Amino acid sequence: MDKKVLRNLSYGVYVVTSIIGDKKVGCIANSAMQVTSNNPTIAVSINHDNYTNKVIKETKKFGLSILKEDSDSKIIGEFGFKSSKDTDKFENVGYEEIDGIPVISDSCGKMICKVIDMMETETHTVFLGEVIEADGYTNDNPMTYKYYHEKLKGTSPKNAPTYEEEKEVKLENNTNKKKWKCRICGYVYEGESVPEDFICPICGQPHTEFYLVED
């Protein structure tokens, strides 16, 4: 099977959020779509390993923030490569609350959804949510996965539906390679080597967390 065909499906970059008690949670999702217009419903896919999945199942409510092309890339670092179980992802990210659910301020639209159905796959839960609130529409370009991959040089978090593991290559046998990938978030640096003072713009890791990859 040629999995490259899947790359031609359209993906966005979203932050799916919820709250249980006073604990705010959230994660990055690139699989979200409108299912109906009357009443509007949204489907999102969340990995079983994400703590956000567990919270949504308990609360039956989630928020969806649509990131834009110029949204701060550190939002992806916070929500895509850390766990809400032991991290306050909202500590350094601007947010507001709509109907009691935290949503990302630096976005081009926010929706609050009530879970009306769920479908389980081997690795993910697909939540079907009825939109009960929507706000924050702007004319900014929504971020697509293609933009995130090609312009920001990022890759999918390990729990994303589109994640595929890539091979690391031995530096001594591949000195001609020019692409270096962050082990944490997948950001790609292009150059002869990664400068010692370089800090990953997405997840804040030092140059030692970059490895050489094949083209």
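The values are calculated or read from the model by the stated rules, or taken from the named source; none is laboratory data. Bear in mind that the values here come from a model prediction, so they are computed numbers and not experimental data. No Cβ is skipped: glycine too gets one built from the backbone with ideal geometry, and neighbour counts run over all protein chains shown. Side chains included, ligands, DNA and RNA excluded: accessible areas come from the protein's heavy atoms. Shrake-Rupley method; radii C 1.70, N 1.55, O 1.52, S 1.80 Å.
Relative contact order, whole percent, for the stretch 14-74 stands at 39, derived from Cα pairs under 8 Å and 6 or more residues apart. A 1.4 Å probe run over the chain, with the rest of the protein chains in place, finds 56 Å² accessible per residue.
Given labels modelled 7 Å from the Cα in the Cβ direction, how far is it in nm from LYS23 to GLU150? Label-label distance for LYS23 and GLU150, simple model: 4.0 nm.
Would you mind counting up the charge near ALA134? Only other residues with Cβ under 12 Å from its Cβ, with Lys and Arg at +1 and Asp and Glu at -1. Result for the neighbourhood of ALA134: -3. Scanning residues 5 or more positions from GLY12 or on other chains, those with amide H under 5 Å from its amide H are ALA32, TYR145, with H placed 1.01 Å from N in the peptide plane. Taking other residues whose beta carbon is less than 9 angstrom from the beta carbon of GLY26, and scoring Lys, Arg as +1 and Asp, Glu as -1, yields +1. For the chain, the C-alpha radius of gyration sits at 1.05 times the compact-globule guess of 2.2 N^0.38 Å, with N the residue count.
Among the protein heavy atoms of the stretch 48-153, carbon and sulfur supply 45% of the accessible surface, probe 1.4 Å, non-protein parts ignored. Using just its DSSP H runs of length 4 or more, each adding -39500 (n - 2.57), the chain gives a mean residue ellipticity at 222 nm of -2500 deg cm²/dmol after division by all residues. The Rg/Rh ratio for the stretch 1-120 is 0.96, where Rg is the radius of gyration of the alpha carbons and Rh is the Kirkwood radius.
Would you mind putting 27-35, 143-151 in packing order, based on average other-beta-carbon counts within 10 Å, highest first?
Put in order of decreasing packing, that is 27-35, 143-151.
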